[in-house]
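In what follows, a structure is listed as structure tokens, so that the remarks can point back to it.
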Amino acid sequence: MKKIKLHWQILIAFVLAVLYGIFLKDYVHYVSWMGDLCLRALMMVIVPLILSSIISGMTNIGSGENLGRIGLKTMLYYLSTSIFAILTGLVLVNLIQPGVGADLGFAKEVEGLAEARESFGETLLYIIPKNIFESFSQGNMLSVIFFAIIFGFFITRVPDKHRIFLTDLANSVFEVMMKLTMFVIRFAPLLVFGIVAQKVAEIPDLVDTFLRLLTYMLAVLMGLLLHSTITLPLIVKVIGRVSPLKHFKAMSTPLLTAFSTSSSNATLPLTMEAVENNSGVSNKITSFTLPLGATVNMDGTALYECVAAMFIAQAYGVELSFIQQIVVVFTALLASIGAAGIPMAGLVMMTVILSSVGLPLEGVGLILAVDRILDMCRTTVNVWSDSCGAVVIARTEGEKLKIE
Ligand code: ASP
């Protein structure tokens, strides 16, 4: 089993699960526990993973001269491009509506949804927790993310003795949590098998579901394409006043690596090398913006989170109002900030969005089968956006680049 790559294992598990669900309909309860078990394991890693990921990312802001102007510009670029990406996804998913009218056998009342709907308006208010430990224990992710961001920020504002200790601690915990998450992710084939077998047994029209899944994939891919070939190049051209095409060529190795590894973190050394040596950005800017970007700036992931959440809502027959969609946008933004730069981190974060809008976590099972290819593509967009950010910031700082 070890020799077969994880994404192939997932695909094989998916095919077997579909067969099991079709032919052994009455015996799904023998395998559905696997899905539940793996979902529990995913939930287990989420709070410490997000906490350490964000805190360790935020502490990067603090290294001396980076505070201030460059830090602010970087955050502004990261936030605005992620929001552009999410809005692109939101428009596409509303136009294409891949999940609307799906007969997935999910018609049964979604538990807790009514409650969640009522509180949509108050979601923003509840981001500030009354008691952070309550948020940890209840898995109230928006508050956890909010707390992590400000905690990480204020680590950069305390005397060196404490700052260095806490930064090291956050980085070490993050390393462990990434390893642990990768370990849990290795069980993804079991998760797929457990959930998909159960769903297939319930879904009345398999062909229709399959087509909808393809349409959903297409919506994500189209969004990623638009964002990476129009929005980001325009920013590089208009604000950076350099050639996006030349920069793209300079970035070919890290982009291909991102595509094949599905990990921004694993690609980081190559990204830094290419942005510095090929595009000509100074080390001062790359060493600050890129490591931070690899953890907090994930345009591709943000877009994907939004489309996937909307698709799952559509498939469950939940009509989301304008305000509710704003909440999805906001949650997708926070989820992309909280996602670690490792394979399938975005999928792990889907549980955050689903729980914050009150949708059942099994929704993840619906999109798992096609996640690998989307992961490859969104990671490429994540790395591309980080590199464009470094270029734009370098230019606004008056640097002369090799890609003019
Ligand atoms: N794999 C992505 C990355 O490393 C994160 C994600 O799963 O969306 O950038």
For Val383, net neighbour charge (Lys/Arg +1, Asp/Glu -1) across residues whose Cβ lies under 14 Å away: -3
Ranked Met349, Met272, Met75, Met344, criterion: other C-beta atoms within 10 Å, fewest first: Met75, Met272, Met344, Met349
Order of Asp375, Asp299, Asp168 under a 10 Å beta carbon neighbour criterion, fewest first: Asp168, Asp375, Asp299
Degrees, to the nearest 10: 69-96 long Cα axis against longest axis of the chain: 30 degrees
Ordering of 126-138, 45-57, 314-326, 384-396 by packing [mean C-beta count within 10 Å, highest first]: 384-396, 45-57, 314-326, 126-138
Radius 13 Å from Cβ of Leu166, net charge of other residues (Lys, Arg +1; Asp, Glu -1): +1
Simple Cβ-charge dipole of the chain, Lys/Arg +1 and Asp/Glu -1, about Cα centre, in debye nearest 20: 1240 debye
Unit charges on C-beta of K, R, D, E only; dipole of the range 267-404, Debye: 160 debye
Sum of -39500 (n - 2.57) over DSSP H runs of 4+, divided by residues of the chain (222 nm, nearest 500): -23500 deg cm²/dmol
In degrees, nearest ten, helix 299-315 long axis to first principal axis of the chain (Cα): 20 degrees
Choice from Pro269, Pro159, Pro291 with maximal GNM fluctuation in the chain (Cα, 10 Å cutoff): Pro159
Cα-based helix-to-principal-axis angle, 160-185 vs the chain, degrees rounded to 10: 30 degrees
Normalised contact order of the range 186-344, rounded percent, pairs of Cα under 8 Å and 6 or more residues apart: 23 percent
For the chain, with +1 on Lys and Arg beta carbons and -1 on Asp and Glu, the positive-most of Thr253, Gly21, Ile86 along the dipole: Thr253
Estimated FRET transfer efficiency (Ser287, Asp36; beta-carbon r; R0 35 Å; 0.05): 0.20
Fewest-first ranking of Thr267, Thr209, using other Cβ atoms within 10 Å as the exposure measure: Thr209, Thr267
Among Gly101, Gly240, Gly346, residue whose mean-square fluctuation peaks in a GNM of the chain (springs only between Cα atoms under 10 Å): Gly101
Which listed pairs, of Lys5/Lys402; Lys249/Lys284; Lys25/Lys179; Lys5/Lys73; Lys161/Lys402, have C-alpha distances above 32 Å, in listed order: Lys5/Lys402; Lys25/Lys179; Lys5/Lys73; Lys161/Lys402
Translational diffusion coefficient (Stokes-Einstein; Kirkwood radius from C-alpha pairs) of the range 145-221 at 10 °C, 1.306 mPa s, in µm²/s: 95 µm²/s
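Each value in this text was obtained by applying a stated rule to the coordinates, not by laboratory testing. Model, not experiment: these values are computed from the prediction. A quick note on method: Cβ atoms are made from the backbone with ideal geometry, for glycine too, and the neighbour counts reach across all protein chains shown.
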